[in-house]
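So the structure is just underneath, and the comments pick up after that.
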Number of protein chains: 2
Amino acid sequence: MDGERELKELGEKKILSDEIYDGAIMHVFRDTVTLPDGKKAYRELIRHVGAVCIIPVTDDNRVIVERQFRYPIDKVITEIPAGKLNFPEENRLEAAKRELLEETGICADIWTDLGVFYPAAAYSDEKITMYLARGLHFGESRPDEDEFLTLCAVPLAELLCDVTEGKITDAKTQLAVLKAARILGI
Amino acid sequence: MDGERELKELGEKKILSDEIYDGAIMHVFRDTVTLPDGKKAYRELIRHVGAVCIIPVTDDNRVIVERQFRYPIDKVITEIPAGKLNFPEENRLEAAKRELLEETGICADIWTDLGVFYPAAAYSDEKITMYLARGLHFGESRPDEDEFLTLCAVPLAELLCDVTEGKITDAKTQLAVLKAARILGI
């Protein structure tokens, strides 16, 4: 099916947008839309500034990951470095370099774009761009004031097992490990 | 580091929880927390009922995917079947069987648990359990009243290329394709 016809058959049109909450990271709306059959429905959604994430891999195929507390799920989990854009149009590679440096103190010589993904397209417009970073140089990390995390270097092969065995539960980290393993032949 | 000590060093404690919005799919809170250093901070978050997603693979390794309009990103995208739980404690395998049947009309003989993931642990407690469904029997789909979608059968190998080339942007679908490809040796 061509794109235009598909959009006509499946698309929804905005009638009204009600702002519910404008917070520090969360901008919540309840929109009224017209469905493809002409009926009216409501869509609750978050507008998000966008984000980047980075899987930093050392020359001997270890990944620098973070142990970080995530309040919504009340757990410390293993994640790759990531962060929000400073503004929607920010250059995503520049943002990735900044976030990697701030969180881990790492600069990288080689950057590979691993593509974009929408973590929760049903209710959030957040778009995350993923990068593989290699040729790493280690310096001092400078996390944000309210950011507490522990860094560890874990072999990519071990992380791949952890993903398969359900020990890694963060979506972007599962994705990055699976993609990097394919690229690096692990 | 052991779990208890890690939680003490990295964990945050709830002081207060303010309900911002109680919608149809979205329950938004702004909580006041104590950081590990004793300072106060705010956490905006969504409480979500939980969800399941299913990658249904035919005997000749084609995947049944959906083309579905996602209002927050204003795009028709390719996704595997998925749906919310009816209530938080619902049996996730039963929910997966129901959602697969409703959206695609498919019953499956063989179910493999591919693990859980948090799509956006920074601001949502949504937990998704992923299943691989094989031994498929095709019947009539019964999508929800406000659900419009088109079904297609795409070779898993082709979807894998689409993931690598950035043509699949839905996080759970990227994940399911990468996991299924590993399991099925593609």
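Can you spot a residue in the range B:87-107 that is of a type in the set (D, E, K, R) and assigned to a strand (DSSP E or B)? Within the range B:87-107, not a single residue is of a type in the set (D, E, K, R) and assigned to a strand (DSSP E or B). Scanning the range A:131-150 for residues that are part of a strand (DSSP E or B) and away from chain B (no Cβ under 12 Å) yields A:Y131, A:L132, A:A133, A:R134, A:G135, A:L136, A:H137, A:F138. Suppose the filter is assigned to a strand (DSSP E or B) and surrounded by 23 or more Cβ atoms within 10 Å (Cβ to Cβ); does A:V76 pass it? No; evaluated as a whole, the condition is false for this residue.
Inspection of the range B:53-72 identifies at least one residue that is in a helix (DSSP H, G or I) and closer than 23 Å to A:A51 by Cα. Of all residue pairs spaced 6 or more apart or on separate chains, those with beta-carbon atoms under 7 Å, a first member in the range A:110-132 that is under 27 Å from B:K84 (Cα atoms) and a second member that is hydroxyl-bearing (S, T, Y) are A:V116/A:T129; A:V116/B:T169; A:F117/B:T169; A:Y118/B:T169; A:A120/B:S124; A:E126/A:Y118; A:K127/A:Y118. Surrounded by fewer than 19 Cβ atoms within 10 Å (Cβ to Cβ) and closer than 19 Å to A:F117 by Cα: does that describe A:L85? Considered against the rule, which asks whether it is surrounded by fewer than 19 Cβ atoms within 10 Å (Cβ to Cβ) and closer than 19 Å to A:F117 by Cα, A:L85 comes out as no. Go through the residues of the range A:78-101 one by one and say whether even a single one is over 17 Å from the mean Cα position of the chain (by Cα) and more than 10 Å from chain B (Cβ to nearest Cβ). The answer is no; no qualifying residue exists. Considering only residues in the range A:34-49 that are out of contact with any strand residue (DSSP E or B) (no Cβ under 7 Å at 6 or more places or on another chain) and not charged (D, E, K, R), the one that is farthest from A:A157 (Cα to Cα) turns out to be A:G38. As for the range B:13-24, it holds no residue that is surrounded by 13 or more Cβ atoms within 10 Å (Cβ to Cβ), within 12 Å of another protein chain (Cβ to nearest Cβ) and within 26 Å of B:T169 (Cα to Cα). Taking the criterion of being free of Cβ contacts under 8 Å to residues at least 24 places away in the same chain, under 18 Å from B:V163 (Cα atoms) and assigned to a helix (DSSP H, G or I), the residues of the range A:164-186 that qualify are A:Q174, A:L178, A:R182. Take the conditions crowded, with 23+ Cβ neighbours inside 10 Å, more than 9 Å from chain B (Cβ to nearest Cβ) and in contact with a strand residue (DSSP E or B) (Cβ under 9 Å, 6 or more places away or on another chain) and apply them to A:V154. Does it pass? When the stated conditions are applied, A:V154 does not pass them.
Which of the residues that make up the range B:1-47 are more than 14 Å from A:M26 (Cβ to Cβ) and assigned to a loop (DSSP other than H, G, I, E, B)?
Across the range B:1-47, the qualifying residues are B:M1, B:D2, B:G11, B:E12, B:A24, B:I25, B:L35, B:P36, B:D37, B:G38, B:K39.
Residues that are buried (at least 20 other Cβ atoms within 10 Å of the Cβ) and more than 14 Å from chain A (Cβ to nearest Cβ) were ranked within the range B:57-73; the one that is farthest from A:E44 (Cα to Cα) is B:V57.
Every read-out reported here was derived from the displayed coordinates using simple, explicitly stated rules and does not represent laboratory data. Not measured: the values here are computed from a predicted model. Virtual Cβ from ideal backbone geometry, glycine too; neighbours counted across all protein chains shown.
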